[in-house]
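Below you'll find the structure, written out as structure tokens, and then a few comments.
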Amino acid sequence: MKRLRTTLSLLTVMAATGTFAQTAHFSYFSYQGHDARFERPINAKNQYFNPVVSGYYPDPSVLRVGDTYWLVNSTFGYFPGVPLFKSHDLVSWKQVGSVLDRNSQLDLSTAEINTGGVYAPQISYNPKNKTYYMTTMNMSKFEVFYVKSTNPEKGWSEPIHMKYGGMDTSFFFDKDGKAYVVYNAQPFAGAKYPGQTAIHMNEFDWRGDSIKGKTWELTTGSSCMENPMCIEGPHLYRVGKYYYLMAAEGGTENGHSEVIFRSKSLTGQWEEYPSNPILTQRNLKEELRQDKVTCTGHADLVQAQDGKWWAVFLGCRPYRGDDSDPAPYYADLFNTGRETFLLPVTWKDGWPVILEPGKAVPTVVDKANLQTTEAERPTGNYSFRDNFTTTALNPQWMYLRNPVASNYQLGNGLTLKPSEATLSEIKQPTALLFRQKNTSFTVETAMSYTPENTSIAGLALMQNEKNHVIFGKTLINGEPRLVLSLTAKGTTVTAASVKDNATTVTLKVEGNGRFYTFLYKRTDGNWQTLVSGVDCAFLSTPCAGGFAGVTVGPYTSLHQ
């Protein structure tokens, strides 16, 4: 499949055109995690840490073809859309690109960062035509679509839009050559109470790339909770004589769970597992939560080559809030977003169980014959450094919506050209962002920049348009100053500032739970603290709302 020229490849063109006017230059960016839960020895050949992919990587979907596993996640309003991971052991995941890496595939021009854009992708494979499929929804455009590829690392097709389907679409390719799509929808009879949804199914004609019109309703929820809410994220599997329908239920917060049903016919009666849910952390005793995990659900199952089954699912690692937070569940805050976890699946009386009721998600899990060292995995106390020495952008970087490629120059450090757009607007600001992967972490960058008029450049910490932080350099009353600007619930304040006439400055952010410290260093100088212990709970997902975690990275704008 011929790959079209991507927006990211335009950076190569810009690297040959020289230096921009009124720009910010970043010579490097580094990140280091410091979480106490990962400061323990493990046998990297036979153990791994949960989450297996840390930071804002929600809604995981997994696939095995031969000896290779593939993993995709939601990206909401960030571009490129849907990171693509590859592994040979389900633990050592390497991001090899993104599925939606062209503007023609994904229009995020109207996407709010943490509630719009790409929702719940699913990756699947049809052995009949040896083709991979990724199906998702662009919530900002209310578009349900899929893309195809015969080689996932080489690129994916233009979107094929679906007439039938809803949120959280998922393909299933049966052994007889037929295919189906399942998705979240409103019940045929209407919702009997607020929040009730259903799982619907249509046949998918993969030869003609069309969805057939007859719709089946498979379930409107389980019986394991009174008035179950938001059954969604469905997946179909065929194991032995049964088809299995697995779905998330209970909303995406602390009540989140995973439930399962089975049937001998896709269109027949579906039997519910008597001990649903097969995964949840709701109502778990606090004394069982040494390394607390919440909000578990939105799972996907995969069978390994040795016949064993495993589940990926999302979860959150909260830190403790305090009694002043505005709602009880806000006592569990998290800035790292929803992350990808992995657990073995146990089969009981013909039913797959991810986690026994009342058990906590473990941080260290046994798995034999792992292939990489602990340091090579995208989790734990993760270390990352980018000197921007090549014109190829590391796939872990993201933009806020579709980028203006001419504002980015790579190859000898990173040079950013400011635009009119700011973080508070649904536009295309000049920012390159990396996911915060640890509750305790350090970020550092060295920047050369001379501000003009109202321009600003530095580090941005982004949660959404109404909740973010800028630590950088600007002019105040005509005087160059380092400033810390906090935007919480749409209100912006300058928390601190200091005079800075130097052209080059090194910026550092140290995060520890809800409190962040901001430091700076001039050439050959010592670290100085601009302000310490800033309460950044407003960056947490429970406080800010939506579905994303915090991202951090170089930023510049013509406006403060």
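Probe of 1.4 angstrom, ligands and nucleic acids ignored: what's the accessible area per residue over segment 173-227, in square angstrom?
It amounts to 50 Å² per residue over segment 173-227.
GLU271 to ALA375: extension gain in nm, 0.36 nm per residue of separation minus the Cα-Cα distance?
33.1 nm
Could you grab the Rg to Rh ratio for the chain? Cα atoms only, Kirkwood for Rh.
Rounded to two decimals, Rg over Rh is 0.97.
To the nearest 500 deg cm²/dmol, what mean residue ellipticity at 222 nm is calculated for the chain from DSSP H runs of n ≥ 4 alone, each contributing -39,500 (n - 2.57), summed and divided by the residues?
Helix-only estimate at 222 nm: -500 deg cm²/dmol.
Once the piece of chain linking LYS308 and LYS86 is laid out straight, how much longer is it, given 0.36 nm per residue of separation minus the C-alpha distance between them?
Here the segment from LYS308 to LYS86 would lengthen by 78.0 nm.
Note down, for segment 484-539, the three equivalent ellipsoid semi-axes (square root of 5 times each alpha carbon gyration tensor eigenvalue), biggest first, whole angstrom.
Taking √(5λ) for each eigenvalue gives 23, 14, 8 Å, largest first.
Which value, in Å to one decimal place, does the Kirkwood hydrodynamic radius take for segment 229-367 when every pair of different Cα atoms is included?
15.9
What lysines does LYS128 reach when the alpha-carbon gap must be under 18 Å and sequence neighbours fewer than 8 apart in one chain are set aside?
Excluding near neighbours in sequence, the set is LYS148, LYS175, LYS178.
Please report the carbon-and-sulfur percent of the accessible area for segment 62-149; probe 1.4 Å, protein heavy atoms only, DNA, RNA and ligands left out.
Result for segment 62-149: 48 percent of the exposed heavy-atom area is carbon or sulfur.
Along the Cα-to-C-beta direction of THR454, a point sits 7 Å from the Cα; which residues of segment 420-437 have their amide N less than 17 Å from that point?
The answer is 420-430, whose backbone nitrogens lie closer than 17 Å to the label point.
Note down the nm distance, to one decimal, between modelled labels 7 Å out along Cα→Cβ at LYS359 and at ASP67.
Each label point is offset 7 Å from its Cα along the Cβ direction, giving 3.0 nm.
If I take all pairs of Cα atoms in segment 18-146, what percentage of them are more than 24 Å from each other?
Here the long-distance tail beyond 24 Å is 45 percent of all Cα pairs in segment 18-146.
Determine how large the accessible area of TYR243 is when every protein chain is in place; take a 1.4 Å probe and give Å² rounded to the nearest 10.
Roll a 1.4 Å probe over it and TYR243 shows about 30 Å².
Please work out the ratio of the alpha-carbon Rg of segment 373-529 to 2.2 N^0.38 Å and round it to two decimals.
1.05
The values are calculated or read from the model by the stated rules, or taken from the named source; none is laboratory data. What you are looking at is a predicted structure, and each value in this text was computed from that prediction instead of being measured. Reconstructed Cβ throughout: ideal geometry from the backbone, glycine too, with neighbour counts over all protein chains shown. Calculation scope for accessible area: heavy atoms of the full protein, side chains included, ligands and nucleic acids excluded. Shrake-Rupley method; radii C 1.70, N 1.55, O 1.52, S 1.80 Å.
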